[in-house]
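The values are calculated or read from the model by the stated rules, or taken from the named source; none is laboratory data. Treat the numbers as computed from the prediction; the structure is a model and nothing was measured. So basically every Cβ, Gly included, is an ideal-geometry build from the backbone, and we count neighbours across all protein chains shown.
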Amino acid sequence: MKKNTLLIVIGTGLCLGLAALSYGQGMNLRRDIVVAVGEAQESVFILGGSAVVDGTVKKSVVALGGTVTISGTIEDSVVGIGAAITLKSTAVVKKDVVVIGGSLVRDPGSSVGNDTVYFDLSHLVPGFMKGGSRGFLSLSLVPLILIIKLISFFMWLLMAFLVAGVFPKQVALASAQVRKSFWPIFGTGFLGLIIFTGLILVSALLCLILIGIPILLFVAVAALVLRVFGQVALCHFFGESLARSFGKHNPSVLGASLLGLLLVSFVGFIPVIGLLFSFVMSILAFGAALFTKFGTTTNWFARKQAPASPPQA
């Protein structure tokens, strides 16, 4: 596989999906889509429905759940998350095919111009999450799960605009420290998360005698502030790394943060792996905020060195 191809394709696929949800320009958002022989459509985006492409799609096909059957031509890429993708013998995809979860079937004779990437996540899904239409992750629940994920994404989008727009230097400094001091930040975040969890539990118990209510509110707000700043700094870290892979070495803080948010949100869509990734992100977010004092200095918990004694005469 060519260098950085997977990362580029994943970022491209996510941007296409989010652009479809945000603007709906040139995208067909009906539940079931059919592009007949001789027809051409700009692009295809489905949420848990089905798409049959016998004609031509000028851009990409993006499927979140559902099924896609292709026997025609896709001028760009095919991206599926939890979707069943089938390429018939006459199918032509001029760029990449990326399928995460779901299934991929390629008939002999089908053509893919660049890379074919398929991650089978079925062995990571516990048995109680399977079981057809009654399974916890059944196809009928895909739209609801996606709606929740998208609401969360737009909330983080607002936070990224606010934090990266108002405190760009602090976000950039914290992001740089993630690159330089990953494990110290992870350890600081792990310890901080344990402490805040303990404080929240103690405050909840103290709520029985009323004094715990303001303490609980204070701890909850402090934890939220730490998480938001740290998350935006991590998004900047991922976004800047992705921009560098594209050859852009000096992206703006806001631009890199938004690009990183797209990538982080994309990973969050993946069953099981998304949950584990979010947990690790929480640890790192706490660590980035605490370790860098919200991007103002190095380590909040570092011992201050005593000033050097003047040389003896």
Which listed residue, of L254, L259, is in a helix (DSSP H, G or I) and surrounded by fewer than 20 Cβ atoms within 10 Å (Cβ to Cβ): L254
Selection within segment 157-199 - among the small types (G, A, S) and within 13 Å of V253 (Cβ to Cβ): A160, A164, G165, A172, A174, S175, A176
Members of segment 52-79 found to be under 25 Å from the mean Cα position of the chain (by Cα), within 20 Å of V112 (Cβ to Cβ) and in a strand (DSSP E or B), listed by number: V61, V62, A63, T67, V68, V78, V79
Residues that are touching a residue at least 24 places away in the same chain (Cβ under 8 Å) and among the polar types (S, T, N, Q), drawn from segment 242-251: S245
Pick from segment 98-114, criterion assigned to a strand (DSSP E or B) and modelled with pLDDT of 90 or more, ranking: surrounded by the most Cβ atoms within 10 Å (Cβ to Cβ): L104
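Regarding G260, is this residue at pLDDT 85 or above, of a type outside the set (D, E, K, R), within 15 Å of V178 (Cα to Cα) and under 12 Å from the mean Cα position of the chain (by Cα)? If you could, list the steps in order and put the result at the bottom.
Working: at pLDDT 85 or above: yes; of a type outside the set (D, E, K, R): yes; within 15 Å of V178 (Cα to Cα): yes; under 12 Å from the mean Cα position of the chain (by Cα): yes.
Criteria met by G260.
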Count of segment 265-279 residues which are in a helix (DSSP H, G or I), surrounded by fewer than 20 Cβ atoms within 10 Å (Cβ to Cβ) and in contact (Cβ under 8 Å) with a residue 24 or more places away in the chain: 2
